[in-house]
Amino acid sequence: MTSAAAAPWWHGTMGYEAYARSFADGDGDGIGDLAGIAAHVGHLAWLGVDALWITPFFRSPGFDHGYDVSDYTDVDPIHGTLDDFDTLVAAAHGVGIKVIVDVVPNHTSSLHPWFLAALSDPHGPYRDYYIWRDPAPGGGHPNNWVSHFGGPAWTLDPVSGQYYCHLFLPEQPDLNWRNPSVADEFDAILRFWCDRGADGFRIDVAHALYKDEQFRDNPLIREPEQLTDPGEIFQSFEHRYDLDQDETVDVYRRWKRIVAPYQGILVGEVGTSDPVRISRYVADGALDTLFYLKPVWMTWQPLVLLDRLRAVHELNPERISWVVDNHDSSRSVSRFGGGEVGAHRSMAVFTLMASLGGMPFLYQGQELGIGDGIIAPEHLADPVATRNVGAAGRDGCRTVMPWNDGIANGFSTTSDCWLPAEDRPLEETVAGQIADPASWLHRYRALVAYRKATPALWTGEATWMDTPSGAVGALRRHGAVTIANLADETVTVELPPGLWSLGFASRALGETEATGSIQVPAQTAVILEPA
Ligand code: GLC
């Protein structure tokens, strides 16, 4: 058996994230569903992606739009039925696309039967499924932990007089992973979806499951400046005791043993930035790969971005799911400057990411080079925005996938969608861009195809090359050189000896061959191969 034959299926693949509420609406109620996704697998196959991650579609009261799960083994009626899931899996598998289910193990919905039982029977078996603490000695919250979404990470249960922990909304109580029954429940949940045809899992806040046994206060790094921004308040603490505890990684070793017989993949959302801490999650039979999220959170700072990509890549050359966009942050096109400039920067970064090995993921609409949708303030729906005065929230990247310039941009048959936004013009839609060979959509498709056809981009050793500026990242592999010029001017980059031909460029270029050195325009990435 060759090593290629022994490689896991995801090696060299490209993932794609569909935000369940906004990708496509099959039943005309204005909310995306599984039938809608199934109807559009043709687009994903045409784009050339290999695996589809669908955000949570399980039963949920929807306080965090599906990330508050009240039944992990059923489909919420707004997204369809279990039969619709089977149909979607069959449709995706029929065109060679794997299906990745989003599992949410850090917290349930406050309306999950486990939590309702924990509240109603403080001495019953479900109480210990969650994290309860007595008030601090003088009264008040048990410690200084804060929620990602604003306010303290503790809410009082007035009946028992104890607080429960929630790193997100009060409607998302955190599970107690020190209770073995919780682990058993999730074993069964994973098996349920694997038996139904899932090809793996994206794991929500994978770094959060265990908490410090002594519930110590987190050290304060600095006083937050913007008291209206929950993200900044959260970042003003060092999360030494509420996140990224050593024991958490063991959960994924256990999960890996469960999914391995199904050839299932585990892709973790690991929201820590330290490259060394990150490495633990993909070591020794734990996660297959994990999202490195710094590029999704950043504004345009090319030196910092390249520095971080390099540091993470050097430690984990094959085990990162590179992303520049997802459903939790402003679209990179907007974050990186907006319009054409933002779109060129975003694609230059993603072209470099496509050369780093691992399993990159596109986020729905990224292939169109579009920025955030425009939403009237009264229509904001994300709890981060609706519960914190002045916080922007995450709605801008969650507006509906623009398929065409019809009703609701072709997302639904109704214009009354769950997240009303300004319609996008034809040139920002799939239909408009398919008709234009020079569009972003065609260029992203070409990148995906080129990567698939060029194993040199994801196999073998990669060496970072010297470049004339910290805003230029260049990577050499055996048989490929990728140069990302994130500076605002053209740069000349020395090439390894020999004649090189242009395999892919993130914008149309005149040159097709180079020797000695190459001039790369501003905000452009090129991939070269030996001529
Ligand atoms: C993850 C999800 C995000 C969700 C949060 C709580 O970060 O990506 O959308 O709000 O977890 O589940």
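Given the Cα-Cα distance of ALA283 and ASP157 and 0.36 nm per residue of separation, how much length would full extension add, in nm? Display every interim value, and only then the final one.
Working: separation 126, 0.36 × 126 = 45.36 nm, distance 3.92 nm.
Gain on extension, ALA283 to ASP157, equals 41.4 nm.
Scalar couplings 3J(HN,Hα) for segment 482-494, obtained by applying the Karplus form with A = 6.51, B = -1.76, C = 1.60 to θ = phi - 60°, are 10, 10, 10, 8, 9, 7, 8, 9, 5, 10, 9, 10, 5 Hz; x denotes Gly and Pro.
Need one word for segment 466-512: rounded, prolate or oblate. Basis is the Cα gyration tensor (sqrt eigenvalues a ≥ b ≥ c); a/c below 1.5 gives rounded, then a/b vs b/c decides. Verdict is oblate for segment 466-512.
Note: relative contact order over the chain, using C-alpha pairs below 8 Å and six or more positions apart, is 13 percent. Compared with the alpha-carbon gap, the fully stretched path from ALA188 to ASP29 is longer by 54.0 nm at 0.36 nm per residue.
Annotation for segment 1-75 versus segment 318-369: alpha-carbon center distance of 18 Å.
For a label point 7 Å from the Cα of ILE434 along Cα→C-beta, name the residues of segment 23-53 whose backbone N is under 14 Å from it. So the set is 39-48. Peptides 421-432, 286-297, ordered by how many other C-beta atoms sit within 10 Å of their residues on average, highest first, read 286-297, 421-432.
Given a Förster distance of 41 Å, report the FRET efficiency between SER517 and VAL95 from their Cβ-Cβ distance, rounded to the nearest 0.05. In this case the efficiency is close to 0.45. Computed about its Cα centre, the charge dipole of the chain is approximately 1320 debye, with only Lys, Arg, Asp and Glu carrying charge at their Cβ. Take the Cβ atoms of LEU426 and ALA508, set R0 to 22 Å, and the FRET efficiency comes out at 0.55. If r is the Cβ-Cβ distance from LEU315 to ASP246 and R0 is 22 Å, what FRET efficiency results, to the nearest 0.05? With R0 = 22 Å, the Cβ-Cβ based efficiency is 0.80. Only lysines eight or more places from LYS256 in sequence, or on another chain, were considered; those with a Cα closer than 24 Å are LYS98, LYS211.
Listed by chain and number, the aspartates and glutamates whose C-alpha is less than 12 Å from the C-alpha of LYS452, apart from same-chain residues fewer than 8 away, are ASP50. Sorted on the mean count of surrounding Cβ atoms within 10 Å across their residues, most packed first, peptides 507-513, 314-320 read 314-320, 507-513.
The label-point distance for THR386 and GLU494, in a model that sets each label 7 Å from Cα toward Cβ, rounds to 5.8 nm. Here segment 461-530 is assigned +1 on the Cβ of each Lys and Arg and -1 on the Cβ of each Asp and Glu. Its dipole about the Cα centre then comes out at about 140 debye.
Can you give the helix-only mean residue ellipticity at 222 nm for the chain, where every DSSP H stretch with n ≥ 4 adds -39500 (n - 2.57) and the sum goes over all residues, rounded to the nearest 500 deg cm²/dmol?
Numbers: 16 runs with 139 residues, N = 531.
-7500 deg cm²/dmol, from helical runs alone.
For segment 414-423, putting each phi into the Karplus relation 6.51 cos²θ - 1.76 cosθ + 1.60 with θ = phi - 60° gives couplings of 10, 8, 8, 8, 4, 10, x, 9, 5, 4 Hz, in residue order, rounded to whole numbers and with x for Gly and Pro. For the chain, DSSP calls about 60 percent of its internal beta bridges antiparallel.
All of the numbers you see were taken from the coordinates with simple rules; none came from a lab. Quick caveat, the model's predicted, so the values are computed rather than measured. Backbone-built Cβ (ideal geometry, glycine too); neighbour counts: all protein chains shown.
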